[in-house]
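Comments concern the structure below.
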Amino acid sequence: MKKVVLAPSLLSADFFDLASALRKIESSPAGIVHIDVMDGQFVPQISYGQPVVKSLRKRTSLAFDVHLMVEKPETMVDSFASAGADMITFHVESTVHVHRLIQHIKSLGVKAGVSLVPSTPVSQLSEILGDVDLVLVMTVNPGFGGQKLIPGCVEKIRLLDSIRREKGLSFLISVDGGVNNETVASVVNAGADIVVSGSAFFNGDFKWEY
């Protein structure tokens, strides 16, 4: 049975005390810190940027997946790689030259991920699945924590897992949005390798059994 990795999202942490948030993550079974970067354009809100990531990097050895929910992510990947990202995930909806950006991220010594909003089909990734390290399936519309998982998005996870098996590919499948005690089994059973949890992890009694 494969091991599924828990990746708590700092978006739901107390921004006043991110050090305590990191300690909570380190004391949990988590293996990745999910860091949502918002620019107020691709999504309505603004979160935090490179200086925060650089400061957090000094506090933990856990892997950082920096999720760029921004327009023109190609203008930011170098600085986030320098700030300490281990993975940089960007949205295919946010840039034209997806393949080129994947290759550039990898040239920085960082793993490259792509993400899909709920309205974007898996077919949008057909040309680059052999190049990416990770595919992040958004199971809510990005930009706000505490939303309910959109059930239809779970089918994307299942489809990606099927394509991966059929073609012998090695990308990881990550899932973000509305994952809690009631929904986590559905995304894991569909084929997720990484489960992002924000509100349920920081505000609830999220039970991790994977």
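For region 67-210, lysine pairs with C-alpha atoms less than 22 angstrom apart, excluding pairs fewer than eight positions apart on the same chain, total 8. Heavy atoms of the protein chains alone define the surface here; on that basis region 102-197 has 43 Å² accessible area per residue at 1.4 Å probe size. Counting Lys and Arg as +1 and Asp and Glu as -1 over every other residue whose Cβ lies under 14 Å from the Cβ of residue 60, the net charge comes to +3. Cα centroids of region 10-35 and region 38-97: 16 Å apart. Taking every DSSP bridge with both residues inside region 72-170, close to 0 percent are antiparallel.
Give me the dipole magnitude in Debye, nearest 20, for the chain about the Cα centre, with unit charges on the beta carbon: positive for Lys and Arg, negative for Asp and Glu.
Values: 19 positive and 22 negative charges, 83 e Å.
The dipole of the chain has a size of about 400 debye.
Under 13 Å of direct C-alpha separation, and excluding same-chain neighbours fewer than eight residues apart, residue 24 reaches these aspartates and glutamates: 14, 205. Does region 18-104 come out rounded, prolate or oblate, given a ≥ b ≥ c as the square roots of the eigenvalues of its C-alpha gyration tensor, rounded meaning a/c under 1.5 and, failing that, prolate meaning a/b above b/c? It is prolate, given that a/c is not under 1.5 and a/b is the larger ratio.
Extension gain, residue 61 to residue 205, is 49.4 nm, computed as 0.36 nm per intervening residue step minus the present C-alpha separation. Ordered by solvent-accessible area of protein heavy atoms (1.4 Å probe), largest first, the residues 210, 48 come out as 210, 48. Looking only at the chain, where both bridge partners belong to it, what percent of the DSSP beta bridges are antiparallel (to the nearest 5)? About 5 percent, rounded to the nearest 5.
Subtracting the Cα-Cα distance of residue 24 and residue 93 from their residue separation scaled by 0.36 nm leaves 21.6 nm. Look at where the Cα atoms of region 98-155 and of region 164-185 average out, and the two centres are 11 Å apart.
Atom-type composition of the exposed protein surface of the chain places 51 percent of the accessible area on carbon and sulfur (1.4 angstrom probe). Kindly identify the chain as rounded, prolate or oblate by the Cα gyration tensor criterion: order the square roots of the eigenvalues as a ≥ b ≥ c, call it rounded if a/c is under 1.5, otherwise compare a/b with b/c, prolate if a/b is larger, else oblate. It comes out rounded by the Cα gyration axes. Which residues make up the longest stretch of the chain clear of trypsin sites (Lys or Arg not before Pro) that lie in a DSSP loop with no more than 16 other Cβ atoms within 10 Å, not counting the sites? The longest such stretch corresponds to 60-147.
Over region 1-149, what is the relative contact order in percent, taking alpha-carbon pairs closer than 8 angstrom and at least six residues apart? Computed over region 1-149, the figure is 18 percent. Among 78, 193, 133, the largest mean-square fluctuation in a Gaussian network model of the chain, built with springs joining Cα atoms closer than 10 Å, belongs to 78. Summing Lys and Arg as +1 and Asp and Glu as -1 over all other residues whose Cβ lies under 14 Å from the Cβ of residue 132 gives a net charge of 0.
The values are calculated or read from the model by the stated rules, or taken from the named source; none is laboratory data. Quantities reported herein were computed from a predicted structural model and do not represent experimental measurements. Cβ coordinates were reconstructed from backbone atoms using ideal geometry, including for glycine residues, and neighbour counts include every protein chain displayed. Side chains are part of the model used for accessible areas, which takes the heavy atoms of the whole protein and leaves out ligands, DNA and RNA. Shrake-Rupley method; radii C 1.70, N 1.55, O 1.52, S 1.80 Å.
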